[in-house]
Amino acid sequence: MPEIKAMLIFEMLGRPAEHLKKTLKGFIEKLSQESGVKITSKKINEPKKIEDAKEELFTSFAETEIEFKDIISLMRIVFIYMPSHIEIISPEEIKIKNFDLTSLMTEIARKMHQYDEIAKGMMIERSILYRQLQQHGIEPAIQIPQSSKALTSQPIDKKSKKKKQTKKSRKIKK
């Protein structure tokens, strides 16, 4: 598989401006240490203040040109570092082997499962906190959709569950 040359842009938001610039430089430095990655050019832009923000926040971005060993290296970096923009410079066409496509699709599925696990965990935690607030007489300002409530049904009483199982097993034996 041929080397892939691409331009990637990475954006950051934070404060103070000096810290944001330092963090973005460190981020690009960490990216340059990844295997299968060679940064051929980089430009880190000066932080700019966000005018309509409630707090003093700054934004900055880094433009990078990177040579990737292969498409798998490119996709790994996209998943790990989440650039805001990606432009493939070369090659014009990419021929991919079945094995490489399988690896790529497996990596996409794995990452999606990770995000799904995190999202579901957060929904469960949110429902638990919501229920605890209600138990203390506090009505949260934001209502939880019914689909989220289904994830955190009330705990099952082990004795009643055991009774139900026993009744079922008696019916089966007869």
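The values are calculated or read from the model by the stated rules, or taken from the named source; none is laboratory data. Predicted model only: the values in this text are computed from it and were never measured. Glycine gets a Cβ as well: all are built from the backbone with ideal geometry, and neighbour counts include every protein chain shown.
Here are the numbers for this structure:
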quantity: Subset of region 112-145 that is of a type in the set (D, E, K, R) and part of a helix (DSSP H, G or I) - its residue that is farthest from M82 (Cα to Cα); calculated: R131
quantity: The lone exception for S73 - which of (1) of a type in the set (S, T, N, Q); (2) farther than 16 Å from S90 by Cβ; (3) part of a helix (DSSP H, G or I) it fails; calculated: (2)
quantity: Test result for E34, surrounded by 11 or more Cβ atoms within 10 Å (Cβ to Cβ), more than 17 Å from the chain's Cα centre (by Cα), assigned by TED's automatic domain parsing to the domain that holds L8 and on the phi < 0 side of the Ramachandran plot; calculated: yes
quantity: Number of positions in region 19-48 that are of a type in the set (D, E, K, R), touching a residue at least 12 places away in the same chain (Cβ under 8 Å) and within 15 Å of S60 (Cβ to Cβ); calculated: 6
quantity: Region 1-17: number of residues that are modelled with pLDDT of 95 or more and surrounded by fewer than 17 Cβ atoms within 10 Å (Cβ to Cβ); calculated: 3
quantity: Some residue of region 73-93 being touching a Gly at 6+ places or on another chain (Cβ under 7 Å), closer than 28 Å to K25 by Cα and of a type in the set (F, W, Y); calculated: no
